[in-house]
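*Asks:* Pasting a structure here, questions to come.
The values are calculated or read from the model by the stated rules, or taken from the named source; none is laboratory data. All of these numbers come straight from a predicted model, not from anything done at the bench. Here the Cβ is made from the backbone with ideal geometry for all residues, glycine too, and neighbour counts use every protein chain on show.
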Amino acid sequence: MAEQNTMIRLSGIKKRFRQKGGELEVLHGIDVEIAKGEIFGIIGLSGAGKSTLVRCINLLERPTAGKVYLDGVELTALPERELRQQRRSMGMIFQQFHLLMQRTALENVCFPMEISGVPKAKAKERAIELLELVGLADRTDSYPAQLSGGQKQRVAIARALATEPKVLLCDEATSALDPNTTAGVLALLKDINERLGITIVVITHEMSVIQEICNRVAIIDGGKIAEMGSVEEIFRTPKTKIGQELVYHEGSNREAYVGKLPHCYRVVFKGGISNEPILGRMMIDCNGVVNILSGNTRHIEEQVYGQMILQFPEEKELREKMIGYLIEKGVVVEEVEYV
């Protein structure tokens with residue numbers, strides 16, 4: 001990635017915390033580059049280090065080792081005063097909103113501008129514009145207690161945009177929301193990215209969030225980047241065990257099955273073919289049946305993808321014939337260990 005097109009660069013980031021009996025290292029040399037204007041996802045299970053990593057980006061947590069660059073400026077080399085100035089280029093939204101309960105929606109959005117010394121009239125004018133942008137023009141005088149979870153998060157997004165940041169960091173921003181509200185907040189973030197060109201970093205443990213709005217994704221596991229690539233690439237053929245865990249089992253009911261099932265394959269359909277009865281035709285043409293164990297569809301980069309976990313017949317010749325049929329039709333087929 002060319003330096004002039006890079007918004008965030010993390011080089012060799014390590015983070016250790018002091019604890020009783022010594023130190024605990026939670027990040028083990030992270031290298032990531034995030035392009036200007038992209039929506040970049042960082043996904044991992046609980047304890048993987050993703051929230052620590054996002055706090056190292058804006059130096060709320062100072063890395064033990066390594067360098068952080070924002071738009072070509074090395075943040076880790078700046079004195080505190082200059083670092084505070086640079087932090088204004090990074091807005092942040094959290095899972096629990098962190099709104100000031102005694103202030104209205106308008107006053108919450110004005111707050112970071114007050115701290116930055118923006119004149120009161122100008123701050124109010126911009127806050128009104130931002131609340132309109134996030135769909136809350138009619139709730140300027142409402143207090144947080146009078147707002148739903150989704151509305152609180154929209155106020156938090158408007159507040160994060162108040163200082164006209166280059167980057168928006170979202171730390172589990174939809175985890176406390178129901179699915180319908182989550183969809184609305186994700187659509188808003190995508191709209192903000194397209195309208196304002198702001199680089200967005202999404203931290204989450206949900207692959208569905210990544211698939212909905214991100215261009216690229218890094219999977220973090222045990223404080224290291226396990227794999228990184230386009231969302232389509234990771235969805236179609238995840239290469240690591242943690243990648244497969246996150247992608248294969250999204251929305252499936254693994255608990256319904258006990259023990260390893262033989263001859264299980266993951267099939268991925270892209271675009272138009274996801275609407276064609278390929279499985280039905282395969283079973284008719286090959287004179288064999290498959291057992292559908294799980295399945296779902298996803299929209300990635302405005303394309304529809306379907307994935308299924310199928311159990312194929314015991315007979316090797318028939319199984320290979322059926323798999324060959326699917327591959328000929330442009331379907332990705334790979335053997336998986338299904339429990």
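*Asks:* If I filter the range 11-33 for residues that are assigned by TED's automatic domain parsing to the domain that holds Gln151, of a type in the set (Phe, Trp, Tyr) and either at pLDDT 95 or above or in contact with a Lys or Arg (Cβ under 7 Å, 6 or more places away or on another chain) (or both), do I get at least one hit?
*Replies:* no
Residue-wise test of (1) at pLDDT below 90; (2) surrounded by 17 or more Cβ atoms within 10 Å (Cβ to Cβ); (3) more than 26 Å from the chain's Cα centre (by Cα).
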| position | (1), (2), (3) |
| --- | --- |
| Gly41 | no, yes, no |
| Arg55 | no, yes, no |
| Glu61 | no, yes, no |
| Gly66 | no, yes, no |
| Val73 | no, no, no |
| Cys110 | no, yes, yes |
| Ile115 | yes, no, yes |
| Lys120 | no, no, yes |
| Leu130 | no, yes, no |
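*Asks:* Would you pick out the residues in the range 288-321 that are within 21 Å of Glu337 (Cβ to Cβ) and among the basic types (Lys, Arg)?
*Replies:* Residues satisfying the conditions are Lys316, Arg319.
*Asks:* Exactly one condition in (1) part of a loop (DSSP other than H, G, I, E, B); (2) without any contact (Cβ under 8 Å) to a residue 12 or more places away in the chain is not met by Glu61; state its number.
*Replies:* Glu61 satisfies all of (1) part of a loop (DSSP other than H, G, I, E, B); (2) without any contact (Cβ under 8 Å) to a residue 12 or more places away in the chain except (2).
*Asks:* Shifting gears a bit: I'd like to verify a number: residues in the range 246-268 that are modelled with pLDDT of 85 or more and farther than 24 Å from Lys321 by Cα, how many?
*Replies:* Within the range 246-268, residues that are modelled with pLDDT of 85 or more and farther than 24 Å from Lys321 by Cα number 1.
*Asks:* Among the residues of the range 67-81, is any outside any strand (DSSP E or B), touching a residue at least 24 places away in the same chain (Cβ under 8 Å) and in the same structural domain as Leu186 (by TED's automatic domain parsing)?
*Replies:* Let us first name the residues in the range 67-81 that are outside any strand (DSSP E or B), namely 71-72, 75-81.
Narrowing the set further to residues that are touching a residue at least 24 places away in the same chain (Cβ under 8 Å) leaves 71-72.
Among the residues that remain, those that are also in the same structural domain as Leu186 (by TED's automatic domain parsing) are: 71-72.
Yes, some residue in the range 67-81 is outside any strand (DSSP E or B), touching a residue at least 24 places away in the same chain (Cβ under 8 Å) and in the same structural domain as Leu186 (by TED's automatic domain parsing).
*Asks:* Report yes if Met207 is at pLDDT 90 or above and within 28 Å of Glu25 (Cα to Cα), otherwise no. Full working, then the answer.
*Replies:* Working: at pLDDT 90 or above: no; within 28 Å of Glu25 (Cα to Cα): yes.
The answer is no for Met207.
*Asks:* Here's something else I'd like to know. Say we look at the range 161-204 and pick out the residues that are at pLDDT below 90 and among the hydroxyl-bearing types (Ser, Thr, Tyr); which of these is surrounded by the fewest Cβ atoms within 10 Å (Cβ to Cβ)?
*Replies:* Per the stated criteria, the residue is Ser175.
*Asks:* A further question follows. I'd like to check something: does the range 87-95 contain any residue that is more than 23 Å from the chain's Cα centre (by Cα) and either assigned to a loop (DSSP other than H, G, I, E, B) or in contact (Cβ under 8 Å) with a residue 12 or more places away in the chain (or both)? Reasoning before the result, please.
*Replies:* Step one: filter the range 87-95 for residues more than 23 Å from the chain's Cα centre (by Cα), giving none.
Checked the range 87-95: no residue is more than 23 Å from the chain's Cα centre (by Cα) and either assigned to a loop (DSSP other than H, G, I, E, B) or in contact (Cβ under 8 Å) with a residue 12 or more places away in the chain (or both).
*Asks:* Another one. Give the residues of the range 269-300 that are part of a helix (DSSP H, G or I) and modelled with pLDDT of 75 or more, sorted by residue number.
*Replies:* Initially, the range 269-300 is screened for residues part of a helix (DSSP H, G or I), giving 271-275, 278-286.
Passing the criteria: Ile278, Leu279, Gly280, Arg281, Met282, Met283, Ile284, Asp285, Cys286.
*Asks:* Here's something else I'd like to know. Please go through the range 302-328 and pick out each residue that is surrounded by fewer than 16 Cβ atoms within 10 Å (Cβ to Cβ) and more than 13 Å from Arg236 (Cα to Cα).
*Replies:* Of the range 302-328, the ones surrounded by fewer than 16 Cβ atoms within 10 Å (Cβ to Cβ) are 302-304, 314-318, 320, 324, 327-328.
Across the range 302-328, the qualifying residues are Glu302, Glu314, Glu315, Lys316, Glu317, Leu318, Glu320, Gly324, Ile327, Glu328.
*Asks:* Given Val26, Val54, which one is aliphatic (A, V, I, L, M) and either in a loop (DSSP other than H, G, I, E, B) or more than 25 Å from Lys190 (Cβ to Cβ) (or both)?
*Replies:* Residue meeting the stated conditions: Val26.
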